[in-house]
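Asks: What follows is a single structure, and I will ask about it in a moment.
No value in this document is a laboratory result; all are computed from the given coordinates. The structure displayed is predicted, hence computed values, not measured ones. Here the Cβ is made from the backbone with ideal geometry for all residues, glycine too, and neighbour counts use every protein chain on show.
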Amino acid sequence: MKDLNYNRLMQECFWDMNMSPKNIQSIVATDDLVQKKFLFRKILLNSSRLLTDLRLFDAGTLKILIESFQVPSFNHDYIFRKHNIVEVYFLDMPLHIDELKWVA
């Protein structure tokens, strides 16, 4: 993916571990859904370019990852909002964030 800055992604999302661009590409290429969920979660929670970075995944995989994600109780409101934005953008699901809804 040409728009993806791996250095930024690693700094923002993997500041707590040793991750390389090859590791990220390997996770994206694997059939291991557990590893993909791990990568999805790290990007969802930490990326400043969330919608761009999630394009690492193909559309089918991304749909599975979005639909299977469970918003944790820790920092629930913040994570719920980010997850809902991803749902709206990639899956055309309803927007549940009142401040972002158009008012007629």
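Asks: For the stretch 17-63: of the residues being acidic (Asp, Glu) and without any contact (Cβ under 8 Å) to a residue 12 or more places away in the chain, which is nearest to Asn7 (Cα to Cα)? Spell out the reasoning first.
Replies: Of all residues in the stretch 17-63, those acidic (Asp, Glu) come to 31-32, 53, 58.
Pick out the ones that are also without any contact (Cβ under 8 Å) to a residue 12 or more places away in the chain and you get 31-32, 58.
Working: Asp31: 24, Asp32: 24, Asp58: 21 Å.
This residue is Asp58.
Asks: Mind listing whichever residues of the stretch 1-13 are charged (D, E, K, R) and either in contact with a helix residue (DSSP H, G or I) (Cβ under 7 Å, 6 or more places away or on another chain) or assigned to a loop (DSSP other than H, G, I, E, B) (or both)?
Replies: Of everything in the stretch 1-13, those that are charged (D, E, K, R) and either in contact with a helix residue (DSSP H, G or I) (Cβ under 7 Å, 6 or more places away or on another chain) or assigned to a loop (DSSP other than H, G, I, E, B) (or both) turn out to be Lys2, Asp3, Glu12.
Asks: Look at the stretch 53-85 and say how many of its residues are surrounded by 13 or more Cβ atoms within 10 Å (Cβ to Cβ) and more than 22 Å from Asp32 (Cα to Cα).
Replies: First, pick out the residues of the stretch 53-85 that are surrounded by 13 or more Cβ atoms within 10 Å (Cβ to Cβ): 53-57, 61-66, 69, 71, 79-85.
From what is left, the residues that are more than 22 Å from Asp32 (Cα to Cα) are 79-82, 84-85.
Selection size over the stretch 53-85: 6.
Asks: Next up: Determine which single condition Trp102 fails, assuming it passes every other condition in (1) over 24 Å from Asn23 (Cβ atoms); (2) assigned to a helix (DSSP H, G or I); (3) among the hydrophobic types (A, V, I, L, M, F, W, C).
Replies: For Trp102, the exception is condition (2).
Asks: Suppose we filter Asp16, Asp77 for residues that are among the charged types (D, E, K, R) and in a loop (DSSP other than H, G, I, E, B); which single one remains? Can you show your working first?
Replies: Details: Asp77 fails: in a loop (DSSP other than H, G, I, E, B).
Just one listed residue meets the conditions, Asp16.
Asks: Right, another one. Every residue in the stretch 24-52 that is out of contact with any helix residue (DSSP H, G or I) (no Cβ under 8 Å at 6 or more places or on another chain) and either loosely packed, with under 15 Cβ neighbours inside 10 Å or part of a loop (DSSP other than H, G, I, E, B) (or both), please.
Replies: So the first thing to find is which residues in the stretch 24-52 are out of contact with any helix residue (DSSP H, G or I) (no Cβ under 8 Å at 6 or more places or on another chain), and the list is 25-26, 29, 31-32, 34, 41, 52.
Of everything in the stretch 24-52, those that are out of contact with any helix residue (DSSP H, G or I) (no Cβ under 8 Å at 6 or more places or on another chain) and either loosely packed, with under 15 Cβ neighbours inside 10 Å or part of a loop (DSSP other than H, G, I, E, B) (or both) turn out to be Gln25, Ser26, Ala29, Asp31, Asp32, Val34.
Asks: Sticking with this one: Can you name the residue in the stretch 6-23 that is of a type in the set (A, V, I, L, M) and surrounded by 12 or more Cβ atoms within 10 Å (Cβ to Cβ) and, of all such residues, is nearest to Ala59 (Cα to Cα)? Break it down stepwise before answering.
Replies: Let us first name the residues in the stretch 6-23 that are of a type in the set (A, V, I, L, M), namely 9-10, 17, 19.
Now narrow it down to the ones that are surrounded by 12 or more Cβ atoms within 10 Å (Cβ to Cβ): 9-10, 19.
Numbers: Leu9: 20, Met10: 22, Met19: 24 Å.
Out of the qualifying residues, it is Leu9.
Asks: Is there any pair with a first residue in the stretch 85-100 that is within 24 Å of Thr61 (Cβ to Cβ) and touching a residue at least 24 places away in the same chain (Cβ under 8 Å) and a second that is among the basic types (Lys, Arg) and surrounded by 12 or more Cβ atoms within 10 Å (Cβ to Cβ) whose Cβ atoms are under 8 Å apart and which are 6 or more apart or on different chains, and what are they?
Replies: Close Cβ pairs (under 8 Å, with a partner that is among the basic types (Lys, Arg) and surrounded by 12 or more Cβ atoms within 10 Å (Cβ to Cβ)) amount to Phe90/Lys63; Leu91/Lys63.
Asks: Could you tell me whether Ile66 is touching a Phe, Trp or Tyr at 6+ places or on another chain (Cβ under 9 Å) and either within 19 Å of Phe14 (Cα to Cα) or in a helix (DSSP H, G or I) (or both)?
Replies: Values: touching a Phe, Trp or Tyr at 6+ places or on another chain (Cβ under 9 Å): yes; either within 19 Å of Phe14 (Cα to Cα) or in a helix (DSSP H, G or I) (or both): yes.
It is true that Ile66 is touching a Phe, Trp or Tyr at 6+ places or on another chain (Cβ under 9 Å) and either within 19 Å of Phe14 (Cα to Cα) or in a helix (DSSP H, G or I) (or both).
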